[in-house]
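**Student:** Pasting a structure below so you can have a look.
The values are calculated or read from the model by the stated rules, or taken from the named source; none is laboratory data. The shown structure was predicted, so the numbers you read here are calculated from the model rather than taken from an experiment. Ideal geometry is used to build each Cβ from the backbone, glycine not excepted, and the neighbour counts take in all protein chains shown. Calculation scope for accessible area: heavy atoms of the full protein, side chains included, ligands and nucleic acids excluded. Shrake-Rupley method; radii C 1.70, N 1.55, O 1.52, S 1.80 Å.
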Amino acid sequence: VQLQASGGGLVQSGGSLRLSCAATGGTFSRYAVAWFRQDLGKGREFVAVISWDGGATSYSDSVKARFTISRDNAASRADLQMNNLKPEDTAVYYCAAVESTHITTAPHVYDSWGQGTLLTVSS
């Protein structure tokens, strides 16, 4: 499956933004989808993951209660709604997918990656 992330931009601290991950070329409903982020000089950090059917989700402690991951299998899309954004959320955000009925936070498991979309949160 090929992924394309979009929706990044510049937002003030406390604001909201919604990222989207559009999938093509595969049966999207077979894939668990995750969002990771990477800031300059840092490793890739897990943000959120959703199972193939949307029945299971997991979030990093740093975004829990602020971010919500969702998916629409009919539209082959997964979204990340981000609320109460903080400057430390500034990063390039990547969506990733793996054909699995399980969810995982480990980036090395994912074999399809989008190109990344930049979020900048100003203080």
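**Student:** Within region 70-84, count every residue that is polar (S, T, N, Q) and not in a strand (DSSP E or B).
**Tutor:** Step one: filter region 70-84 for residues polar (S, T, N, Q), giving 70, 73, 76, 81, 83-84.
Still in the running and not in a strand (DSSP E or B): 73, 76, 83-84.
Number of matching residues: 4.
**Student:** Within region 103-123, count every residue that is open to solvent by less than 50 Å² (accessible area, probe 1.4 Å), outside any strand (DSSP E or B) and within 17 Å of G9 (Cβ to Cβ).
**Tutor:** Residues that pass the stated criteria total 2.
**Student:** Next up: Being modelled with pLDDT under 95, under 15 Å from the mean Cα position of the chain (by Cα) and not aliphatic (A, V, I, L, M) narrows it down to one residue among D111, D39; which is it? Step through it out loud before you land on a result.
**Tutor:** Values: D111 fails: modelled with pLDDT under 95.
Exactly one of D111, D39 is modelled with pLDDT under 95, under 15 Å from the mean Cα position of the chain (by Cα) and not aliphatic (A, V, I, L, M), namely D39.
**Student:** Would you confirm, using the coordinates I've provided, whether L85 is in contact (Cβ under 8 Å) with a residue 12 or more places away in the chain, within 15 Å of G7 (Cα to Cα) and open to solvent by less than 50 Å² (accessible area, probe 1.4 Å)? Steps first, please.
**Tutor:** Values: in contact (Cβ under 8 Å) with a residue 12 or more places away in the chain: yes; within 15 Å of G7 (Cα to Cα): yes; open to solvent by less than 50 Å² (accessible area, probe 1.4 Å): yes.
So L85 passes the test.
**Student:** Separate question: Considering only residues of region 12-69 that are part of a strand (DSSP E or B) and β-branched (V, I, T), which is surrounded by the most Cβ atoms within 10 Å (Cβ to Cβ)? Write out each step before concluding.
**Tutor:** Going residue by residue through region 12-69, those that are part of a strand (DSSP E or B) are 12, 17-24, 31-38, 45-50, 57-59, 67-69.
With β-branched (V, I, T) added as a condition, the list becomes 24, 33, 47, 49-50, 57, 68-69.
Numbers: T24: 10, V33: 30, V47: 25, V49: 25, I50: 23, T57: 14, T68: 16, I69: 24.
Here the answer is V33.
**Student:** Checking S100 against (1) open to solvent by less than 50 Å² (accessible area, probe 1.4 Å); (2) without any contact (Cβ under 8 Å) to a residue 24 or more places away in the chain, which test does it fail?
**Tutor:** (2)
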